[in-house]
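J.: I am attaching a structure below and will ask some questions about it afterwards.
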Amino acid sequence: EDEKKLLWWYDDLHVPRPVSPMYADFCGWWDGEPPMARCCEYMYRRFWAPFGKEWPGKIVNSYVFTTVVPRDPEEAKRAGPYYNMIMPVYAAKFLKWWQERYLPEVEGNLAYLDKYPYAKASLEELLWLLEEAFDIFERHWKLHWILNLAQFQAFIQFRTVYQQVFGKIDEDEVGRILLSIKDKNWETIEGIWKLKERVKANRPLRKIFEEPKDKTGQAVLEDLGKSAAGKTFLKDLGKYLDRYGHKSVFAHELIYPTWREYPVPAIELIRTYLSMDYDYPKDVKRCKDGRDKAVRGMLSRVQKPEDKRKLEEAVNHALRMAPLTPDHHFYFDQGTHARVRRVFLEIGKHLKERGIINDPEDIFYLKYNEMREVAATPKAFDVKAKVAARRKENEDAAKLTPVDWVGTATQWAVYEEPYKQGLWGFPDKLDRRKKALKGAKELKGLGGSPGVVQGTARVVRSPDEFDEVQPGDIMVCRLTNPAWINVFPKIKGLVTDAGGILAHPAIVSREFGIPCVVGTSVATEVIKTGDVIKVDGVRGIVELIGK
């Protein structure tokens, strides 16, 4: 009955697909029952945040719904002054802490899991390693929250000074300023661009990639292994994937293979960059020049020297913190999940050898203690039947369209709790679906990145369809995550079902200078590939023009 008083919203931002039992039981980012790490509760405790005390999750028809539990109003009043006192310290000091203390720890943890002698390890040793991996996962997720709030505070401080100086915030200008131009996202793209340049300059390699036109990425991969030049290229591709290939179609899961395991998406991306002759330095320069111009324009309007000093100091600090969002995606959301997946797969290989499961991947359709039970007692229950039933349940759930929320939409939950507003697009989300599905000629969302563009829509369900995206398309999708970063150079606009102005698609669209509307709720249901649409990234409107 108490749960009914809370607003539980569908987590289409992190886990848009039906969730696997092992991820939900072991790795879910929300506060769950043991063994799951309660790292959101840790975040509220560490900062004594007045805007919540825990962030539990619930699986509804195989989909993740989460809610924030508010603090007692009296405690929130007591917590507020402490939170406001301590947060500026995190904003001011965190970058130094990250570079000198936290990042070496994170990279050391990931390197340890990468270098572990899996081939020689027994099942018992791997079960021990899994506990080590869980401790690493828990630690990294706690660091995620420290980083998240520190960066958030740096941006808040800039916006506060901006408002003090100018009276109100120009969201268009602020969006063009708060960009990152040197981070793991850009490094990932630069690496693929360099590989593309290698292919472009080598006629035999280029022939492998381009002829025939309808050759699959898998065929390109196989053909590369048949020549000396191709084998050398594959070695370089392998080095790239060892560093940047720890990502999958959806980072917050365990069931999807990474690029490092299955490099065909990287091959397809190189082919795409080759066909459009993608110019990475030009993109970086455009982003930097646009950002610097916006900063100069902002500062030129300041009348008082003291105001200019404060504003310049605030914006410079915010820009130094800006790379932390893509970097923490790289290390935590992508990198840590990928290493945990590998440990599970190695255990799965042993369970397969013992006839307990049919495929190492089946391990993700067990729960944590079920896996431990059958590792020690193989005939404890019919493992294969349970895995088959859960796979079927997962497949059936994929045909469903989850509701946006369940429970009670209180004033606090809809209008005051900050995460739903910035990342999930509340309160507008509450009635957007109902209005959009009445045959309207335009969809309303949130302006994620300024600008207006008209063009052909391309509905994309997953990165498996990136090769279908043509240069100049407007991509329409449920949401993007860090694994989608490399498709952005191809598109000239973006529309998403989910997300808010601080979500991944909005942030990256601003970096690439493409108009973006997020949080429409129904774009992928209403818009079809080939439709002509007009995207207004300032007003948050998508106009449906026709075929």
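J.: Inside the stretch 503-547, counting only strands (runs of 3 or more DSSP E) that do not spill past its ends, which hold 2 or more residues that are of a type outside the set (Lys, Arg) and either more than 28 Å from PRO402 (Cβ to Cβ) or modelled with pLDDT under 90 (or both)?
T.: Of the strands (runs of 3 or more DSSP E) lying wholly inside the stretch 503-547, those with at least 2 residues that are of a type outside the set (Lys, Arg) and either more than 28 Å from PRO402 (Cβ to Cβ) or modelled with pLDDT under 90 (or both) span 541-546.
J.: When you scan the stretch 154-172, do you find a residue that is of a type in the set (Phe, Trp, Tyr), surrounded by fewer than 18 Cβ atoms within 10 Å (Cβ to Cβ) and at pLDDT 95 or above, even just one?
T.: The answer is yes; a qualifying residue exists.
J.: While we're on this one: Would you be able to tell me the number of residues in the stretch 406-425 that are assigned to a helix (DSSP H, G or I), over 17 Å from VAL518 (Cβ atoms) and open to solvent by 10 Å² or more (accessible area, probe 1.4 Å)?
T.: 4
J.: Out of everything in the stretch 104-134 that is outside any helix (DSSP H, G or I) and of a type outside the set (Ser, Thr, Tyr), what residue ends up being farthest from the chain's Cα centre (by Cα)?
T.: Filtering first and then ranking leaves ALA121.
J.: Being of a type in the set (A, V, I, L, M, F, W, C), at pLDDT below 85 and assigned to a loop (DSSP other than H, G, I, E, B): is that true of ALA440 here?
T.: Against the criterion (of a type in the set (A, V, I, L, M, F, W, C), at pLDDT below 85 and assigned to a loop (DSSP other than H, G, I, E, B)), ALA440 qualifies.
J.: Determine if the stretch 65-88 includes at least one residue that is in contact with a Pro (Cβ under 8 Å, 6 or more places away or on another chain), open to solvent by 20 Å² or more (accessible area, probe 1.4 Å) and not in a helix (DSSP H, G or I).
T.: yes
J.: Which helices (runs of 4 or more DSSP H) does the stretch 200-271 wholly contain that include 3 or more residues that are under 22 Å from the mean Cα position of the chain (by Cα) and buried (at least 16 other Cβ atoms within 10 Å of the Cβ)?
T.: 228-244
J.: Looking only at the stretch 188-241, which residues are of a type in the set (Asp, Glu) and out of contact with any Phe, Trp or Tyr (no Cβ under 7 Å at 6 or more places or on another chain)?
T.: GLU197, GLU210, GLU211, ASP214, GLU222, ASP223, ASP236
J.: So, of the residues in the stretch 355-405 that are open to solvent by 20 Å² or more (accessible area, probe 1.4 Å) and among the small types (Gly, Ala, Ser), which turns out to be farthest from GLY32 (Cα to Cα)?
T.: So, considering only residues that are open to solvent by 20 Å² or more (accessible area, probe 1.4 Å) and among the small types (Gly, Ala, Ser), the one farthest from GLY32 (Cα to Cα) is GLY355.
J.: Also, I was wondering about something else. So the check is Cβ under 6 Å with 6+ separation or different chains; which pairs have a first residue in the stretch 451-465 that's more than 19 Å from PHE512 (Cα to Cα) and a second one that's in a helix (DSSP H, G or I)?
T.: Matching pairs, first to second residue: VAL459/THR524.
J.: Could you check the stretch 37-48 and list, in sequence order, the residues that are among the hydrophobic types (A, V, I, L, M, F, W, C), surrounded by fewer than 21 Cβ atoms within 10 Å (Cβ to Cβ) and in a loop (DSSP other than H, G, I, E, B)?
T.: Selection gives TRP48 alone.
J.: Filter the stretch 287-322 down to the residues that are among the small types (Gly, Ala, Ser) and surrounded by fewer than 19 Cβ atoms within 10 Å (Cβ to Cβ), then identify the one that is nearest to the chain's Cα centre (by Cα).
T.: Filtering the stretch 287-322 for residues that are among the small types (Gly, Ala, Ser) and surrounded by fewer than 19 Cβ atoms within 10 Å (Cβ to Cβ), the one nearest to the chain's Cα centre (by Cα) comes out as GLY290.
J.: Quick check on THR325: is it open to solvent by 20 Å² or more (accessible area, probe 1.4 Å) and among the β-branched types (Val, Ile, Thr)?
T.: Yes: the conditions hold for THR325.
J.: Write out, first by first residue and then by second, each pair whose Cβ atoms fall under 8 Å of each other, whose residues are 6+ apart or on separate chains, and whose first residue, in the stretch 353-382, is at positive phi while the second is modelled with pLDDT of 95 or more.
T.: GLY355/PRO378
J.: Go through (1) touching a Phe, Trp or Tyr at 6+ places or on another chain (Cβ under 7 Å); (2) closer than 21 Å to PRO418 by Cα one by one and return the number of the condition ARG159 breaks.
T.: (1)
J.: Give the stretch 291-307 a look and list any residue that's assigned to a helix (DSSP H, G or I) and over 26 Å from LEU149 (Cα atoms), or say none.
T.: LYS293, ARG296, GLY297, LEU299, SER300, PRO305, GLU306
J.: Then there is this: Please verify whether THR529 is out of contact with any Cys (no Cβ under 8 Å at 6 or more places or on another chain) and in contact (Cβ under 8 Å) with a residue 12 or more places away in the chain, treating the condition exactly as stated.
T.: Here the answer is yes, as THR529 does meet what is asked.
J.: Just the residues that are touching a strand residue (DSSP E or B) at 6+ places or on another chain (Cβ under 6 Å) and open to solvent by 10 Å² or more (accessible area, probe 1.4 Å), please, taken from the stretch 492-510.
T.: Matches in the stretch 492-510: LYS492, ILE501, ARG510.
J.: I'd like the full set of residues that are in contact with a helix residue (DSSP H, G or I) (Cβ under 9 Å, 6 or more places away or on another chain) and open to solvent by less than 10 Å² (accessible area, probe 1.4 Å), limited to the stretch 520-532.
T.: Hits for the stretch 520-532 are THR520, SER521, VAL522, ALA523.
J.: For a quick check of your reading of the model, give me the residue pairs whose first member lies in the stretch 406-429 and is on the phi < 0 side of the Ramachandran plot, whose second is in a helix (DSSP H, G or I), with beta-carbon atoms closer than 7 Å and at least 6 apart or on different chains.
T.: Partner pairs satisfying both residue conditions: THR408/LYS4; THR408/LYS5; ALA409/LEU430; VAL414/LEU430; PHE426/VAL414; PHE426/LYS420; PRO427/VAL414; PRO427/TYR415.
J.: Can you confirm whether ILE485 is assigned to a helix (DSSP H, G or I) and either closer than 21 Å to GLU173 by Cα or at pLDDT below 85 (or both)?
T.: So ILE485 passes the test.
J.: Got a number for residues in the stretch 466-476 being surrounded by fewer than 23 Cβ atoms within 10 Å (Cβ to Cβ) and not acidic (Asp, Glu)?
T.: Looking only at that region, the number is 5.
The values are calculated or read from the model by the stated rules, or taken from the named source; none is laboratory data. Worth saying up front: this structure is predicted, and the values here are computed from it rather than measured. Here Cβ is always computed from backbone atoms with ideal geometry, including for glycine, and neighbour counts include all displayed protein chains. Surface areas here come from the heavy atoms of the whole protein model, side chains and all, with no ligands, DNA or RNA. Shrake-Rupley method; radii C 1.70, N 1.55, O 1.52, S 1.80 Å.
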